[in-house]
Amino acid sequence: MVKEKQWNVAVVGATGAVGQKIIQYLEEVDFPVDEVKVLSSARSAGKKIKFKDKELVVEEASPESFSGINIAFFSAGGSVSKQLVPEAVKRGAVVIDNTSAFRMDETVPLVVPEVNEKDLENHKGVIANPNCSTIQMVVALQPIKEAFGLSRVIVSTYQAVSGAGLEAQEELVQQTKQYLNGEEMTAAILPAGSDKRHFPIAFNALPQIDVFEDNGYTAEEMKMINETKKIMHISNLPVAATCVRLPVFTSHAESVYIETEKTGATVADVSNALQNGQSVILEDDPKTQTYPTPLSAANKKEVFVGRIRKDLDHEKGFHLWIVSDNLVKGAAWNTVQIAQSLVKNQLLNER
Ligand code: NAP
Ligand code: 12T
C-alpha cells in the first residue's frame, strides 16, 4: 500500500482560544501531519503544548517560521495575519486564515465546505475562514436556499464571550465574582478591546461586537452581511444584522427571519429541507420543549436549528433559531474541514 502523504503544519495563535481547538481537532481526526509547529507572540514562547504523544514547544512566529510548511492555520488577529500570511504564502504554504483580514478579497475563497467547497479550487495560497456568526447561519440557510430560494435574511445574534478570546472569558468570570461579592465590576476588554469605552458583560447584554463603522453598523454586523452574500453566491441578497453579546461562555444563538423566493413552502417543508441539510441537526418540538440552547450545542460540530415558524403576515416569511459552538463549527472545526478538503482534492503544494 502507498503510504499516505504527511504534511508539515503550522498553527499561528496556538495558545489562543481558537488555536488550542485547531490542535485538538487535528489530533482528533488524525490529520496526516509530519511536523507541527506551534506559534504565538514572544509572550508565550517556550510554553509546551501536548499533541498526540509529543510535547510541542511554542515558538514566536516570524517569516522564517514558515519554511517547509505546507499548511498554516492563522488565528492570532487581523494584524498578525496581514503581516505574516504573505510571508507564509511566499514560502509555499497554503494558509487558512481565521481573521477578517482577507475575507472580502476577491482573490481569496471564503469557504464553508457544506456550502461552497468548490471555491477552494480557485485558491491562490490563501483561504479565509468566515466569521463564526456567518458560518452557522449559512450552514442552516443553504438547504433552504436549495429547496425554495432565498430573497431576504434578517438576523439578530446572541453571542458568547469566547468569540472575543480567552481574556474576554476571564473578564466575564471576574465580573461575575465582583457582582456576587457586591463589588464594582471592572471592564477592560468588551465590547471591543480596541475601542475607547468598556462596559461590564456580566448580567448584561451589549449591542456592540467589534468596532462601529461609518454607516452605524458594527464590523461584526457588516461581516455577517457581506460574507453571507459571498459564501452563498447571491451578491444581491438583502441581509440585515444586529449583533449582541451575552454573558454566555460558549455557542452563539441567532434569531433569523428569512423570506423564500418560491411561494407555498410550509413549516414541514422547511423542516424537511433542514433535516436533510449537511451538518444540520433539527431540534424542534414545542410539545416537548425541544429546541437548541448554547449549553446544549457546546462542544458539538453541527449547527442546531429549532423554533421554526411561519411568519403570520408574510406569505414567504419564516423564523428560525440557529445555535452552534462558535469556537468549533464557527472557527476551529471549519478550518480543519477546509484542510481535509485541500488534502482530499490535492489542492496543496507538493515539495
Ligand atoms: P485569543 O484567545 O486572545 O488568542 C490570541 C492568540 O494570538 C494567542 O495564541 C496569542 O499568543 C496570539 N498572538 C497575539 N499576538 C500575536 C503576535 N503579535 N504574533 C503572533 N501571535 C500572536 O484569541 P482567539 O479567540 O483565539 O482569536 C484569535 C483570532 O482569531 C481573533 O483575533 C480573530 O481574528 C480570529 N477569530 C475568528 C473567529 C471566527 O469567527 N472564525 C472566531 C474567533 C476568533 P500569546 O499567547 O503569545 O499571546
Ligand atoms: N471581534 O473572526 O468579538 O472577525 O466575537 C470573530 C469574533 C471578530 C472575526 C468577537 C470578533 C471575529 C469576534
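Each residue in the stretch 15-69 was checked for being more than 22 Å from the chain's Cα centre (by Cα), of a type in the set (Phe, Trp, Tyr) and under 24 Å from ASN299 (Cβ atoms), and 1 of them qualify.
Residues checked against (1) farther than 23 Å from SER162 by Cα; (2) part of a strand (DSSP E or B):
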{"residue": "ASN8", "(1), (2)": "yes, yes"}
{"residue": "GLN20", "(1), (2)": "no, no"}
{"residue": "ILE23", "(1), (2)": "no, no"}
{"residue": "LEU26", "(1), (2)": "no, no"}
{"residue": "ASP30", "(1), (2)": "yes, no"}
{"residue": "LYS50", "(1), (2)": "no, yes"}
{"residue": "SER65", "(1), (2)": "yes, no"}
{"residue": "SER79", "(1), (2)": "no, no"}
{"residue": "GLN83", "(1), (2)": "yes, no"}
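Does ASN204 count as away from ligand 1 (no atom under 16 Å from the Cβ) and either touching a Pro at 6+ places or on another chain (Cβ under 8 Å) or at positive phi (or both)? Criteria met by ASN204.
Filtering the stretch 254-268 to residues that are surrounded by fewer than 20 Cβ atoms within 10 Å (Cβ to Cβ) and assigned to a loop (DSSP other than H, G, I, E, B) leaves GLU261, LYS262, THR263, GLY264, THR266. For the stretch 77-107, a residue qualifies if it is near ligand 1 (Cβ under 8 Å from one of its atoms) and surrounded by 24 or more Cβ atoms within 10 Å (Cβ to Cβ), and the qualifying residues are SER81, ASN98. Scanning the stretch 82-103 for residues that are out of contact with any Pro (no Cβ under 7 Å at 6 or more places or on another chain) and within 10 Å of ligand 2 (Cβ to nearest atom) gives ASP97, ASN98, THR99, SER100, ALA101. Applying the criterion of being among the hydrophobic types (A, V, I, L, M, F, W, C), surrounded by fewer than 21 Cβ atoms within 10 Å (Cβ to Cβ) and within 30 Å of GLU259 (Cα to Cα) to the residues of the stretch 144-170, the residue that is nearest to ligand 1 (Cβ to nearest atom) is ILE154. Residue by residue through the stretch 171-194, note down the ones that are surrounded by 12 or more Cβ atoms within 10 Å (Cβ to Cβ) and under 22 Å from the mean Cα position of the chain (by Cα). Passing the criteria: GLU171, LEU172, ILE189, LEU190, PRO191, ALA192, GLY193.
Each reported figure results from applying straightforward, stated rules to the coordinates on display, with no laboratory input. Since this is a predicted model, take the numbers as computed values, not measurements. All Cβ positions, glycine included, derive from the backbone under ideal geometry; neighbour counts span all protein chains shown.
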